[in-house]
Amino acid sequence: MAKLKLEWRRQTLHTRHRWATAQGGINEKQTIVVSVEHEGLIGRGEATPSALFGQSLEGAEAALEECKELLGDDPFAIAEVLDRLIDHVDDERDVIAAVETALHDLAARKLKMPVWRYLGLPEPRIKTTFSIGIATPDEIREKVREALAAGFDRLKVKVGGEHDLKTLQIIRESFDGPLYLDANQGWTPETAPAKIREIAPFKPVLLEQPISKKLTAELKPLRELGLMPIFADEACERPTDIIRLKDVVDGVNIKFNKCGGIRQALAMIEIARACGLQIMLGCFVSSSLAIAPALAVASRVDHADLDGALLLADDPFASLIACDKGLLTPRAGDGFGGDGK
Ligand SMILES: [Mg+2]
């Protein structure tokens with residue numbers, strides 16, 4: 001059989017609004033489109049390197065160079081290839097996710113079926129939260145108006161900035177639905193309890209990563225305040241992190257570029273469920289090429305935060321996913337959709 005051939009290119013994405021969290025802001029982002037070719041069919045994935053996890057475009061490209069020789073000649077041997085990728089480029093889980101999801105796209109295309117069916121999962125029809133970054137009160141008002149006008153009925157808001165209470169007041173003036181909060185490590189074990197008490201009256205569904213990802217035991221007293229479910233995001237990268245976190249949080253946020261793709265995400269979902277944790281599936285700002293694989297497994301989680309491509313002004317892979325009033329569904333087609341050429 002012919003060897004699988006790996007290629008990649010950078011793509012530049014632009015956000016509709018400046019996108020800011022407690023860790024900083026961006027107006028544009030570069031990601032890497034990865035393709036795996038075998039006997040004329042192509043599977044695609046996207047690497048979205050994040051400095052938060054020590055990832056970079058240059059590091060990703062160096063890792064991809066290494067991956068070229070690891071793919072073998074059997075497009076269905078995904079588990080074996082994944083083992084080799086983890087052995088060789090463990091620090092670049094964004095790259096592992098891109099290659100591994102491209103392999104799923106390719107295998108499903110060979111079998112002429114969508115990836116969700118190839119995985120034995122139902123066709124996803126998933127409501128996503130829509131995220132509102134840290135911004136000035138006037139900008140928040142405008143973003144909320146836009147989100148509600150577009151039909152989103154669950155909002156996720158970044159906190160940990162200087163206008164948190166004002167932001168939440170503005171949102172609650174026009175929105176009484178499910179509100180997810182994410183502090184992106186913005187607080188300390190000393191400041192967090194007071195912050196959590198302040199935001200509790202706004203009745204959030206949950207709060208992500210209030211304090212540094214390096215602090216595990218310190219999450220427990222925040223959970224024990226009993227004011228809102230506390231989720232680990234930055235602290236929860238891989239399957240073993242769930243074991244470490246299971247007694248200090250109520251839930252975990254799983255993302256493909258942290259864990260390394262579909263198979264690792266599904267493993268984490270099962271471990272988290274066995275540990276009695278709630279599960280959120282998240283993403284980074286990316287094109288729909290990185291969202292489509294997450295959408296394929298999103299029927300297995302409690303909360304989907306898959307709006308990374310909806311924040312873009314120009315999504316080159318918009319044709320892969322339909323979004324109707326916050327309801328995400330894959331477009332018809334094999335693999336992740338599209339023509340696969
Ligand atoms: Mg988060």
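The values are calculated or read from the model by the stated rules, or taken from the named source; none is laboratory data. Treat the numbers as computed from the prediction; the structure is a model and nothing was measured. Reconstructed Cβ throughout: ideal geometry from the backbone, glycine too, with neighbour counts over all protein chains shown. Calculation scope for accessible area: heavy atoms of the full protein, side chains included, ligands and nucleic acids excluded. Shrake-Rupley method; radii C 1.70, N 1.55, O 1.52, S 1.80 Å.
Summary of values
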{"quantity": "Cleavage-rule hits (trypsin sites (Lys or Arg not before Pro)) in segment 163-262: DSSP loop, at most 15 neighbouring Cβ within 10 angstrom", "calculated": "Lys214"}
{"quantity": "Under the Debye formula (equal points on every Cα, no solvent term), log10 I(q)/I(0) of segment 70-187 at q = 0.10, 0.15, 0.24 Å⁻¹", "calculated": "-0.55, -0.80, -1.22"}
{"quantity": "Check: the chain dipole with +1 on Lys, Arg Cβ and -1 on Asp, Glu Cβ, in debye", "calculated": "840 debye"}
{"quantity": "Net charge dipole size for segment 1-158 [Lys, Arg +1 and Asp, Glu -1 on Cβ; Debye, nearest 20]", "calculated": "1040 debye"}
{"quantity": "Amide hydrogen neighbours beyond the local backbone of Ile132, cut-off 5 Å, H modeled", "calculated": "Lys156, Val157, Lys158"}
{"quantity": "Volume of the Cα convex hull of segment 255-341, divided per residue and given in Å³", "calculated": "97 Å³"}
{"quantity": "Segment 189-267 - convex hull of the alpha-carbon atoms, volume per residue in Å³", "calculated": "86 Å³"}
{"quantity": "Distance between modelled label sites at Glu270 and Glu69, nm, 7 Å Cα→Cβ extension", "calculated": "3.3 nm"}
{"quantity": "Candidate lysines for bridging to Lys258, where Cα separation is under 24 Å - those fewer than 8 sequence places away on the same chain excluded", "calculated": "Lys29, Lys68, Lys127, Lys156, Lys158, Lys213, Lys214, Lys220, Lys246"}
{"quantity": "Projected label distance in nm at Asp90 and Glu218, using a 7 Å step from Cα toward the beta-carbon", "calculated": "2.7 nm"}
{"quantity": "Estimated D of the chain in µm² per second, where Rh is the Kirkwood radius over Cα pairs and Stokes-Einstein applies at 25 °C, 0.890 mPa s", "calculated": "122 µm²/s"}
{"quantity": "Probe 1.4 Å, accessible area per residue of the chain, Å²", "calculated": "40 Å²"}
{"quantity": "Charge dipole of segment 118-330 about the Cα centre (unit charges at C-beta), most positive-ward option of Ser287, Pro204, Ile242", "calculated": "Ile242"}
{"quantity": "Where Rh is the Kirkwood radius over Cα pairs, Rg/Rh for segment 5-113", "calculated": "1.02"}
{"quantity": "Accessible surface of segment 118-330 [probe 1.4 Å, protein heavy atoms]: carbon and sulfur percent", "calculated": "51 percent"}
